[in-house]
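Visitor: One structure is given below, represented as structure tokens, and several questions about it will come after.
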Amino acid sequence: MGNCCCCGGRSSPQAKHDIKPDIIRNPPDSQFIDNHFPKDQTPLSGGGVVGGGVGGRPDERYRPTPTKSRPIMVAMYNYEARDSQDVSFKKGDRMEVVDDSEGDWLKVVHLVTKERGYIPGNYVAAEQSVESEDWFFENISRKEAEKLLLSEDNPRGTFLVRPSEHNPNGYSLSVKDWEEYRGYHVKHYKIKPLDNGGFYISTNKTFDKLCDLVNAYTKNAYGLCHVLAKPCKKPQPPMWDLGPTYRDKWEINRDELILIRRLGRGNFGEVYYGKWKNNIEVAVKTLREGTMSTAAFLEEAAIMKKFRHKKLVALYGVCSEQEPIYIVQEYMSKGSLLDFLRKDDGKHLVFEDLIYIAFQVASGMEYLESKQLIHRDLAARNVLIGENNIAKICDFGLARVIEDNEYCPKQGSRFPVKWTAPEAIIYGKFSIKSDVWSYGILLMELFTYGQVPYPAMPGREVVDLVEKGYRMPKPTTHQVPDEIYQIMLNCWDANPEKRPTFEFLTHYFEGFNVTSEVPYREVPD
Ligand code: ADP
């Protein structure tokens, strides 16, 4: 701390950034890149043409122009350049933006090394903006805040500030606390906005700026559960492309990939752990010939690449110029949720962890719901697990382009009958509501630690019985709380319209079993 950079006078132009900056980082979970630099701030001066002479060559002189209008970004993480077009930097380094028109990648000049090239926009924040504070977490939910704070390395008093989910101008302060009867837990305090632009937790202590408020509570708890001790460590944001070379193309050069070990066997080919340029970990799905038409697949992959959310596995690109087609994805170290649940790691998951996974899957699906994209094959086998029980959905959109008859609702032995809603099996009516049905089945897989749904029943029988109103009973082998079983039943409502939305499911699991917001109790100084 001590590096409070957003505390300028309230009349300064930067003061605006304290509340809602004009220049915002590309949110990791937004599909569309939303930079807000005014047009007149973005021209390239001095030969800054994309692909021509970029890459931070020392001989390429950056010709300074009046810097007033050019935003300065400060690095929030370290970054190692991945190809000839990008610039390495360390946390805290300052860079001047010369072009922000290329989506996730900002073209910058590093103010110390003078290197010029691209940097990932979500690794930096506008200087003096609230986003550049170590304690500010722009894109996390309450549940994720709790998960991060409860990490063992964090002492009592570790904290973060995040935008309030319910009050557009407010924030929430989340603090790790310890009490004898509860052990470690997280308390959340509302930071409310004042009409004149200031902030407060308690009405008798108001602050002009968010960082003033945070600073004050680092010195004195003033009635919080604990003085604010240290900002929570921020996890590295996801990279959506392998490198800047791939920012606008996604046919990956096959020679840049090495396949190191087989991770598993998918329905359509083998899946490998590999490295791109001997450096970046990737998962490579190889598609058996004839699984799908290359043209249809490429069309679908182009759509998939546009859908970006932290709960969806990132698609880096494809190698489609020769067979077998490769799909190159973000590598998830713990493999599929189904395998994970059945093996040792997953067996140790406690109820809270299961709720957290249910929440993450609902959150990824909420995003697809908002984009009107249907998954069609949502199941524990299509959710991948990374470190710290991070869950991400994969294979969204793929089911549509599969040409294999075995995958066809009417005839295929590989068609996931037990996961598919009756209207989708019988009439081919796939919708986000049929995904909600599948989500209910996934919940059953999750809370039974990977049991096969409708155990011992053949698929054909399941279709007939479900059509007649039969539903999987509450398991006797595992403890599934009544209210979660009720959610499953709601997902399996015969009438698709009556099934919950993913938005509802996300909120439901996010709020499940958590301590409610702590009413502020002022104690004397
Ligand atoms: P398919 O969809 O073709 O049936 P899957 O996606 O199920 O193939 O992949 C098969 C196995 O490969 C999974 O069970 C998982 O263990 C592994 N796998 C797939 N994708 C990844 C990934 N991105 N990261 C890590 N492991 C993966």
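The values are calculated or read from the model by the stated rules, or taken from the named source; none is laboratory data. These numbers come from a predicted model, not from an experiment. Note: ideal-geometry Cβ built from the backbone for every residue, glycine included; neighbour counts use all protein chains shown. Heads up: the accessible areas ignore ligands, DNA and RNA and are worked out on the full protein's heavy atoms, side chains in. Shrake-Rupley method; radii C 1.70, N 1.55, O 1.52, S 1.80 Å.
Visitor: Among the residues of the range 132-180, count how many are of a type in the set (Asp, Glu), at pLDDT 95 or above and open to solvent by less than 30 Å² (accessible area, probe 1.4 Å).
Guide: 2
Visitor: Which of the residues that make up the range 207-229 are among the charged types (D, E, K, R) and either under 17 Å from Ser129 (Cβ atoms) or in contact with a Phe, Trp or Tyr (Cβ under 7 Å, 6 or more places away or on another chain) (or both)?
Guide: Once the filter is applied, which keeps residues that are among the charged types (D, E, K, R) and either under 17 Å from Ser129 (Cβ atoms) or in contact with a Phe, Trp or Tyr (Cβ under 7 Å, 6 or more places away or on another chain) (or both), the range 207-229 yields Asp208, Lys209, Asp212.
Visitor: Please name all residue pairs, on different chains or six or more residues apart, with Cβ atoms under 7 Å, provided the first residue is in the range 238-258 and is free of Cβ contacts under 8 Å to residues at least 40 places away in the same chain and the second residue is open to solvent by 30 Å² or more (accessible area, probe 1.4 Å).
Guide: So the pair list comes out as Glu256/Lys277; Ile258/Lys275; Ile258/Asn278.
Visitor: Just to check your reading of the model, which residue among Leu242, Leu263, Leu224, Leu257 is assigned by TED's automatic domain parsing to the domain that holds His185 and either within 16 Å of the ligand (Cβ to nearest atom) or touching a strand residue (DSSP E or B) at 6+ places or on another chain (Cβ under 7 Å) (or both)?
Guide: Selected residue: Leu224, the only one of Leu242, Leu263, Leu224, Leu257 that is assigned by TED's automatic domain parsing to the domain that holds His185 and either within 16 Å of the ligand (Cβ to nearest atom) or touching a strand residue (DSSP E or B) at 6+ places or on another chain (Cβ under 7 Å) (or both).
Visitor: Looking at the range 183-211 only, could you name the residues that are in contact (Cβ under 8 Å) with a residue 60 or more places away in the chain, crowded, with 17+ Cβ neighbours inside 10 Å, part of a loop (DSSP other than H, G, I, E, B) and out of contact with any helix residue (DSSP H, G or I) (no Cβ under 8 Å at 6 or more places or on another chain)?
Guide: Matches in the range 183-211: Asp208 only.
Visitor: Given the residues Ala221, Ala301, which is the only one that is more than 27 Å from the chain's Cα centre (by Cα) and small (Gly, Ala, Ser)?
Guide: Ala221
Visitor: Could you check the range 266-280 and list, in sequence order, the residues that are in contact with a helix residue (DSSP H, G or I) (Cβ under 8 Å, 6 or more places away or on another chain) and either of a type in the set (Gly, Ala, Ser) or within 10 Å of the ligand (Cβ to nearest atom) (or both)?
Guide: Of everything in the range 266-280, just one residue is in contact with a helix residue (DSSP H, G or I) (Cβ under 8 Å, 6 or more places away or on another chain) and either of a type in the set (Gly, Ala, Ser) or within 10 Å of the ligand (Cβ to nearest atom) (or both), namely Asn267.
Visitor: With the checklist (1) farther than 15 Å from Tyr272 by Cα; (2) out of contact with any helix residue (DSSP H, G or I) (no Cβ under 8 Å at 6 or more places or on another chain); (3) not hydrophobic (A, V, I, L, M, F, W, C) in hand, flag the one item Lys311 doesn't pass.
Guide: (2)
Visitor: It is to be established whether one or more residues within the range 110-131 are outside any strand (DSSP E or B), touching a Gly at 6+ places or on another chain (Cβ under 6 Å) and either outside the structural domain of Tyr184 (by TED's automatic domain parsing) or small (Gly, Ala, Ser) (or both).
Guide: Looking through the range 110-131, at least one residue is outside any strand (DSSP E or B), touching a Gly at 6+ places or on another chain (Cβ under 6 Å) and either outside the structural domain of Tyr184 (by TED's automatic domain parsing) or small (Gly, Ala, Ser) (or both).
Visitor: To continue, here is another question. Write out, first by first residue and then by second, each pair whose Cβ atoms fall under 7 Å of each other, whose residues are 6+ apart or on separate chains, and whose first residue, in the range 314-336, is over 26 Å from Gly450 (Cα atoms) while the second is within 10 Å of the ligand (Cβ to nearest atom) and not in a strand (DSSP E or B).
Guide: Final answer for the pair search is Pro324/Arg288.
Visitor: Select from the range 281-303 the residues that are open to solvent by less than 30 Å² (accessible area, probe 1.4 Å) and more than 13 Å from the ligand (Cβ to nearest atom) and list them in ascending order.
Guide: Answer for the range 281-303, where residues must be open to solvent by less than 30 Å² (accessible area, probe 1.4 Å) and more than 13 Å from the ligand (Cβ to nearest atom): Glu300, Ala301.
Residue-by-condition table, conditions (1) open to solvent by 20 Å² or more (accessible area, probe 1.4 Å); (2) closer than 24 Å to Phe340 by Cα; (3) among the polar types (S, T, N, Q); (4) without any contact (Cβ under 8 Å) to a residue 24 or more places away in the chain:
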position	(1), (2), (3), (4)
Pro455	yes, yes, no, yes
Pro458	yes, no, no, yes
Lys468	yes, no, no, yes
Arg471	yes, no, no, yes
His478	yes, yes, no, no
Met488	no, yes, no, no
Asp493	yes, no, no, yes
Pro496	yes, no, no, no
Thr501	yes, no, yes, no
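Visitor: Which ones in the range 359-389 are touching a strand residue (DSSP E or B) at 6+ places or on another chain (Cβ under 9 Å) and either part of a loop (DSSP other than H, G, I, E, B) or over 21 Å from Pro238 (Cβ atoms) (or both)?
Guide: Across the range 359-389, the qualifying residues are His375, Leu378, Ala380, Arg381, Gly386.
Visitor: Of (1) surrounded by 14 or more Cβ atoms within 10 Å (Cβ to Cβ); (2) modelled with pLDDT of 95 or more; (3) over 30 Å from Gly157 (Cβ atoms), Gln85 satisfies all except one. Which?
Guide: Just one mismatch for Gln85, condition (2).
Visitor: Quick one: in the range 340-350, of everything that is open to solvent by 100 Å² or more (accessible area, probe 1.4 Å) and not in a loop (DSSP other than H, G, I, E, B), which residue is nearest to the ligand (Cβ to nearest atom)?
Guide: For the range 340-350, the residue satisfying everything is Arg342.
Visitor: Can you tell me which residues in the range 304-339 are of a type in the set (Asp, Glu), out of contact with any Pro (no Cβ under 9 Å at 6 or more places or on another chain) and within 14 Å of the ligand (Cβ to nearest atom)?
Guide: If the condition is that a residue be of a type in the set (Asp, Glu), out of contact with any Pro (no Cβ under 9 Å at 6 or more places or on another chain) and within 14 Å of the ligand (Cβ to nearest atom), then Asp339 is the only one that fits.
Visitor: With respect to Glu251, determine if the residue is surrounded by fewer than 19 Cβ atoms within 10 Å (Cβ to Cβ) and within 16 Å of the ligand (Cβ to nearest atom).
Guide: The answer is no for Glu251.
Visitor: Still on this structure: Any idea which of (1) surrounded by fewer than 18 Cβ atoms within 10 Å (Cβ to Cβ); (2) over 22 Å from Tyr246 (Cβ atoms); (3) in contact (Cβ under 8 Å) with a residue 24 or more places away in the chain is the one Gln360 doesn't satisfy?
Guide: So Gln360 meets the others, but not (1).
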